[in-house]
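See below for the structure under consideration.
Nothing in this text is a laboratory measurement; each read-out follows from the coordinates by a stated rule. This one's a predicted model, so the numbers in the text were calculated from it and none came from an experiment. Positions of Cβ are generated from backbone atoms using ideal geometry, with glycine treated the same way; all protein chains shown enter the neighbour counts.
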Amino acid sequence: MEDIKQTIADNITGLRKELHLTQAELAEKMGYTDKAISKWERAESIPDIVTLKEFADLCGVTLDYLIEKEHTEDRAALSKQARNNRLVISLLAAAAVWLIATVLFVYLKIFGVADVWKVFVGAAPVTMIVLLVFNSIWGKIKRNYVIISILVWSSLAFAYCMLLQYHLFLIFLIGIPIQVMVILWSRIKTYKA
């Protein structure tokens, strides 16, 4: 049993490093403490089967991979390809937002609607929402706070543009306490019950 615990520990450590995650980042992503990750990597304990499956899915490997000492596949190449695929899918989704904005712009321009440029300003917060969703699934949690910050400020810019005739520049003051809240929120540590 000790041999399989050490194999799992070595594989968890190796895969975490391939993903360029610290123990704390992996812990946050999986909903555990960094102490739990540390124990797994030192073979002091092993995660339950459900957690192992979640970890395997996160790394793009099978459960068998986690318990095997010898691996026949080139993990570095597979991991890099998986990251590239995830990045391309995320960027395609973001590009789709801009395609829809462009089609809407052309449609409204053909029918003579004024101020259609606002469509592109509105596409910015929608893009951030799309990126937030994909980053929450595949990316580093810390990036979410940057994306949320951009989402807040781009949403305020869109609101300002929609109300341009009222010259409500003060609307950007709303962003200051929200930005402070995002910064404070990013400092909260999560622990799995």
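Taking 26 Å as the straight-line reach from the Cα of K5, the lysines in range (excluding those fewer than 8 positions away in the same chain) are K17, K29, K35, K39, K53, K69, K192. Per-peptide packing, taken as the mean over residues of other Cβ atoms within 10 Å, places 22-30, 45-53 in the sequence 22-30, 45-53 from highest down. Potential lengthening of the chain between A95 and R83 amounts to 2.5 nm, from the contour at 0.36 nm per residue minus the alpha-carbon distance.
Cross-link reach is defined here as a Cα-Cα straight distance under 23 Å, omitting same-chain residues fewer than 8 places apart; for K118 the lysines meeting it are K109.
Ordered by the number of other Cβ atoms lying within 10 Å of each residue's own Cβ, fewest first, D10, D57 fall into the sequence D57, D10. Take the Cα of K17, step 7 Å toward its Cβ, do the same at T102, and the gap between the two points is 4.4 nm. One chain, two ends: V146 and R42. Fully extended at 0.36 nm per residue, the span grows by 34.2 nm beyond their Cα-Cα distance. Of the GluC sites (Glu not before Pro) found in region 51-158, the ones in coil according to DSSP and having at most 11 other Cβ atoms within 10 Å of their Cβ are E70, E73. A straight Cα-to-Cα reach below 12 Å connects K189 with the aspartates and glutamates E25, E28, D34, residues fewer than 8 places away in its own chain not being considered.
With an a/c value of 1.5 or above and a/b not larger than b/c for the gyration tensor axes a ≥ b ≥ c computed over the alpha-carbon atoms, region 84-186 is described as oblate.
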